[in-house]
Amino acid sequence: MKKHILSEDKLFTYIAMAILVVLSVFMVAPLVLVVSASLTDESSLLTHGYQFIPSKVSFAAYQYLWQQKSMILRSYGVTVLVTVFGTCVSVLLTMLMAYPISRRDYIFRNIFTFVIFFTMLFSGGFVSSYMVWTRIFHVKNTLAALILPNYLMNAFNVILVKNYYTNSIPTELIEAATIDGASEMTVIPVSNTAE
């Protein structure tokens, strides 16, 4: 009678699959518990606590959400507006800051690069930032409070885009485009088509 010995590859595959199954259960279980709690009657939830299988099914939570649909739609609208507008403003400001400091002929390049890098090393902190945004800029309880502090500009992103511009746009190409009469606004599209 032959004994089947598992090869190392098969053993590793089985162990990896078992670990992934356990992790999947741990990740799906909270979601199932939340859905189950949303379908459980409130009094039953207070009496028995959270259960994977509801002891008494109730759709009261979903009825409440349906009654408050205008508030929920407004909340999602604010989320989408802040995300889209904030991201567009952030990308625009990041590109506008990164391009000049990527150019070697820009006079204040080193100063601005130092200022941007310095803000990555030292932060003003939460309390001082809160005081500045609320007392000086008066953005408390406005949409600007969601957009300006978080999405305005990120120093790390500026450094990344600056390095992209420096490494992907050769200086010779910019000089050739300038000699041919290209303005600053046409140098970037010309370099992108040359890649």
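The values are calculated or read from the model by the stated rules, or taken from the named source; none is laboratory data. Since the model is a prediction, treat every value here as computed from it, not as a measurement. Methodologically, a virtual Cβ is constructed for each residue, glycine included, from the backbone with ideal geometry; neighbour enumeration extends over all protein chains shown. We work out accessible area using only protein heavy atoms, side chains counted, and drop any ligands, DNA or RNA first. Shrake-Rupley method; radii C 1.70, N 1.55, O 1.52, S 1.80 Å.
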Condition test on Arg104, is it loosely packed, with under 11 Cβ neighbours inside 10 Å and in contact with a helix residue (DSSP H, G or I) (Cβ under 8 Å, 6 or more places away or on another chain)? yes
Within segment 127-186, count every residue that is closer than 22 Å to Val78 by Cβ, open to solvent by 100 Å² or more (accessible area, probe 1.4 Å) and at pLDDT below 80. 1
Sort out which residues of segment 107-126 are within 18 Å of Thr171 (Cβ to Cβ) and open to solvent by less than 40 Å² (accessible area, probe 1.4 Å), and write them in order of number. Thr113
Just checking: which of the helices (runs of 4 or more DSSP H) contained wholly in segment 52-169 hold 2 or more residues that are out of contact with any Gly (no Cβ under 9 Å at 6 or more places or on another chain) and closer than 24 Å to Glu184 by Cα? 69-102, 109-121, 155-168
Given the condition in contact with a helix residue (DSSP H, G or I) (Cβ under 8 Å, 6 or more places away or on another chain) and not acidic (Asp, Glu), answer yes or no: does some residue in segment 3-25 qualify? yes
Over 30 Å from Ala145 (Cα atoms) and among the polar types (S, T, N, Q): does that describe Ser24? yes
With (1) open to solvent by 70 Å² or more (accessible area, probe 1.4 Å); (2) in contact (Cβ under 8 Å) with a residue 24 or more places away in the chain; (3) closer than 30 Å to Pro170 by Cβ as the list, and Leu81 as the residue in question, which single condition is left unmet? (3)
